[in-house]
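Visitor: The following block contains the structure, expressed as structure tokens.
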Amino acid sequence: MKKNILVIGLGLIGGSLAKALMRHGDAVIFGYDADALTVRKAYKMGIIHHAALSLEEAAAEADFIILATPVGAAKKLLQQSQYWKLKDDVIISDTGSTKMEIMEAAANLKYIFIGGHPMAGSHKSGVEAAKEVLFENAFYILTPGRLAGDAHIEKMKELLSVTKAKIQVLTAKEHDHMTSIVSHFPHLIAASLVHQLDREQEYPFTKQLAAGGFRDITRIASSDPTMWRDITTQNNGMITAQLKLWIEEMTKLKNLLEVNEEEPIRQYFEKAKSVRDQLPIAGHGAMYSIFDLYVDIPDVPGIISELTGYLAEAQISIVNLRILETREDVFGILVISFQTAEDREKAKQCITERTVYDVYIS
């Protein structure tokens with residue numbers, strides 16, 4: 001039996017989700033976006049089966065409606081949906097990065113609402129960057145609304161199964177608490193580190209030294225400011241709580257440094273190393289991440305083209321590459337980034353088999 005799926009918002013997430021859902025042989029994908037050009041692109045690219053010319057008419061025929069828009073826009077669409085003539089058993093979902101606010105907005109809906117958050121992303125944006133494999137091995141969180149029973153959750157899981165994501169069911173509070181720790185708050189820290197660097201006036205050359213590790217640990221500060229404004233204001237309570245804990249941790253560290261005893265300081269770093277080393281390497285986490293492979297290479301002409309040539313022969317696609325440090329007669333570190341953990345593992349095996357360079361994952 002055919003199932004009609006309406007995806008509203010055809011950016012990277014909405015476009016990728018629409019494309020992945022096409023794997024259902026019985027699915028008919030309708031796409032709608034505020035930008036008509038984006039809808040035409042999505043249709044020409046084969047991301048959707050039909051362009052929804054009328055949002056209300058497409059919604060009326062839909063068995064599933066997915067709001068792949070920012071949370072603010074999704075809330076407005078939920079308000080509008082009260083005036084749409086929808087199927088009684090329609091399931092509405094979203095793809096927002098925060099859940100408590102959208103679940104509150106959906107609380108009085110007479111239709112089934114199951115919040116969603118696919119924890120995947122890309123260094124690119126827009127429908128042109130959409131890819132059906134974007135969610136593979138990524139966590140996809142579902143937050144069921146008050147009318148959603150086990151049968152509805154199972155229907156949603158079955159719909160999303162073709163994305164090959166790891167589906168988890170949480171409450172909105174659980175989701176926002178967890179993501180505040182491992183996604184939202186770290187963005188604030190990265191931004192604050194960049195601001196601190198920007199304040200450095202005494203030694204201007206400091207910024208030149210930021211090209212290596214500092215640039216890596218603050219990469220997320222380059223994310224879309226408008227998106228992170230919205231996430232921060234929507235999850236303000238949880239993030240503020242984490243900030244208070246961070247200030248307590250920094251006070252503890254400040255006290256350690258003021259006392260300046262070697263062993264307690266070593267133990268502090270030892271515990272951090274131990275906890276960090278136990279974190280999972282494989283798969284996607286709450287933050288978008290590319291999968292980095294580190295290669296110790298000599299600073300000689302042609303070395304990078306040699307390695308990328310091996311990867312090209314093996315048909316392994318790379319996202320980015322950069323050099324952390326190179327000096328004459330000293331090994332440098334080439335960092336090669338991949339879209340998936342599988343590509344990274346293939347690349348590691350390829351380079352190990354064809355060279356004598358040390359290859360590792362940090």
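The values are calculated or read from the model by the stated rules, or taken from the named source; none is laboratory data. On a predicted model such as this, the values are computed, not experimentally measured, just so you know. Methodologically, a virtual Cβ is constructed for each residue, glycine included, from the backbone with ideal geometry; neighbour enumeration extends over all protein chains shown. Accessible surface is based on the protein model in full, side chains and every heavy atom, while ligands, DNA and RNA are left aside. Shrake-Rupley method; radii C 1.70, N 1.55, O 1.52, S 1.80 Å.
Visitor: Magnitude of the Cβ-charge dipole of region 81-189, K/R +1 and D/E -1, about the Cα centre, nearest 20 debye? Don't skip to the end; give the middle numbers.
Guide: On the way: 12 positive and 13 negative charges, 14 e Å.
It works out to roughly 60 debye.
Visitor: Taking a probe of 1.4 Å, how large is the accessible area per residue of the chain, in Å²? Intermediate values should be presented prior to the final figure.
Guide: Values: 20100 Å² over 362 residues.
Here the residues of the chain average 56 Å² of exposed surface.
Visitor: Let me ask something additional. Which residue, SER222, THR95, THR240, has the largest displacement toward the positive end of the dipole of the chain when charges sit on each Cβ (Lys, Arg +1; Asp, Glu -1)?
Guide: THR95
Visitor: I've got another one for you. Of [x] 1.26; [y] 0.99; [z] 1.02, which is the value of Rg/Rh (Cα atoms, Kirkwood Rh) derived from the coordinates here?
Guide: [z]
Visitor: Only four residue types carry charge here, +1 at the Cβ of Lys and Arg and -1 at the Cβ of Asp and Glu. Report the dipole size of region 1-55 about the Cα centre in Debye, rounded to the nearest 20. Present the calculation step by step, with values, prior to reporting the outcome.
Guide: Numbers: 7 positive and 3 negative charges, 35 e Å.
Charge dipole, region 1-55, about its Cα centre: 160 debye, nearest 20.
Visitor: Here's something else I'd like to know. Whenever you get a sec, line up PHE30, PHE64 from highest to lowest accessible area (probe 1.4 Å, protein heavy atoms).
Guide: Working: PHE30 45, PHE64 10 Å².
These residues rank, largest area first, as PHE30, PHE64.
Visitor: Let me ask something additional. PHE205 accessible area, nearest 10 Å², 1.4 Å probe?
Guide: Accessible surface of PHE205 is approximately 130 Å².
Visitor: Heavy-atom accessible area of LEU279 with all protein chains present, probe 1.4 Å, nearest 10 Å²?
Guide: 100 Å²
Visitor: Still on this structure, I have one more. Using only the heavy atoms of the protein chains and a 1.4 Å probe, how would ARG219, ARG23 rank by accessible area, largest first?
Guide: These residues rank, largest area first, as ARG219, ARG23.
Visitor: Same structure again: Given an 8 Å cut-off on Cα distances and at least 6 residues of separation, report the relative contact order of the chain as a percent. Could the numbers behind the result be given before it?
Guide: Working: 564 pairs, mean separation 46.6, N = 362.
Once divided by the residue count of the chain, the mean separation gives 13 percent.
Visitor: Relative contact order of region 68-164, please, whole-number percent, based on alpha carbon pairs below 8 angstrom and at least 6 residues apart.
Guide: It rounds to 26 percent for region 68-164.
Visitor: Using Cα-Cα distances under 8 Å and only pairs 6 or more residues apart, what relative contact order does region 86-221 have, in percent? All intermediate terms of the calculation are to be shown ahead of the outcome.
Guide: Numbers: 150 pairs, mean separation 29.1, N = 136.
For region 86-221, the relative contact order is 21 percent.
Visitor: Determine, for each peptide in 127-140, 341-354, the mean count of other beta carbons within 10 angstrom over its residues, then list the peptides with the highest first. Could you put the intermediate results ahead of the total?
Guide: Working: 127-140: 19.5, 341-354: 17.1.
Per-residue mean Cβ counts within 10 Å order the peptides as 127-140, 341-354.
Visitor: Step through the table entries LYS76/LYS164; LYS2/LYS85; LYS3/LYS87; LYS44/LYS85, compare each Cα-Cα distance with 24 Å, and write down the pairs that go over it. Write down the numbers at each step before the final one.
Guide: Numbers: LYS76/LYS164 30 Å; LYS2/LYS85 20 Å; LYS3/LYS87 12 Å; LYS44/LYS85 29 Å.
Long pairs (Cα-Cα over 24 Å): LYS76/LYS164; LYS44/LYS85.
Visitor: Magnitude of the Cβ-charge dipole of the chain, K/R +1 and D/E -1, about the Cα centre, nearest 20 debye? Could you put the intermediate results ahead of the total?
Guide: Values: 39 positive and 47 negative charges, 221 e Å.
It comes to approximately 1060 debye.
Visitor: Could you order THR163, THR240 so the one with the most accessible surface comes first? Probe is 1.4 Å.
Guide: On the way: THR163 0, THR240 55 Å².
If we order THR163, THR240 from most to least accessible, we get THR240, THR163.
Visitor: Sort region 206-258 into rounded, prolate or oblate with this rule: let a ≥ b ≥ c be the square roots of the eigenvalues of the Cα gyration tensor; rounded if a/c is under 1.5, and if a/c is not under 1.5, prolate when a/b is larger than b/c, oblate otherwise. Please list the in-between numbers first.
Guide: Numbers: a/c = 3.86, a/b = 1.03, b/c = 3.74.
Because a/c hits 1.5 or more and a/b fails to exceed b/c, region 206-258 counts as oblate.
Visitor: With θ set to phi - 60°, apply the Karplus curve 6.51 cos²θ - 1.76 cosθ + 1.60 along region 146-156 and write out the HN-Hα couplings as whole Hz, x wherever there is a Gly or Pro.
Guide: 5, 8, 7, x, 4, 5, 5, 5, 5, 5, 5
Visitor: Along the charge dipole of the chain, pointing to its positive end and built from +1/-1 on Cβ of Lys, Arg, Asp and Glu, which listed residue (GLN267, THR308, ALA68) has its Cα farthest out?
Guide: ALA68
Visitor: So if I take the alpha carbon set of region 32-147, get Rg, then get Rh from the Kirkwood formula, what is the Rg over Rh ratio? Write down the numbers at each step before the final one.
Guide: Values: Rg = 14.4 Å, Rh = 15.1 Å.
We get a ratio of 0.95 for region 32-147.
Visitor: I'd like the accessible area for LEU86, computed on protein heavy atoms only with a 1.4 Å probe and all protein chains in place. Round to 10 Å², please.
Guide: 20 Å²
Visitor: Assign one of three labels to region 80-237, namely rounded, prolate or oblate, based on the Cα gyration tensor with a ≥ b ≥ c the square roots of its eigenvalues; rounded applies when a/c is under 1.5, prolate when it is not and a/b is larger than b/c, and oblate otherwise. Show your work: numbers first, answer last.
Guide: Working: a/c = 2.75, a/b = 2.13, b/c = 1.29.
Prolate.
Visitor: While we're looking at this one, here's another question. Quantify, in whole percent, the carbon and sulfur part of the accessible surface of the chain (1.4 Å probe; protein heavy atoms only).
Guide: On the way: 10890 of 20100 Å².
C and S atoms contribute 54 percent here.
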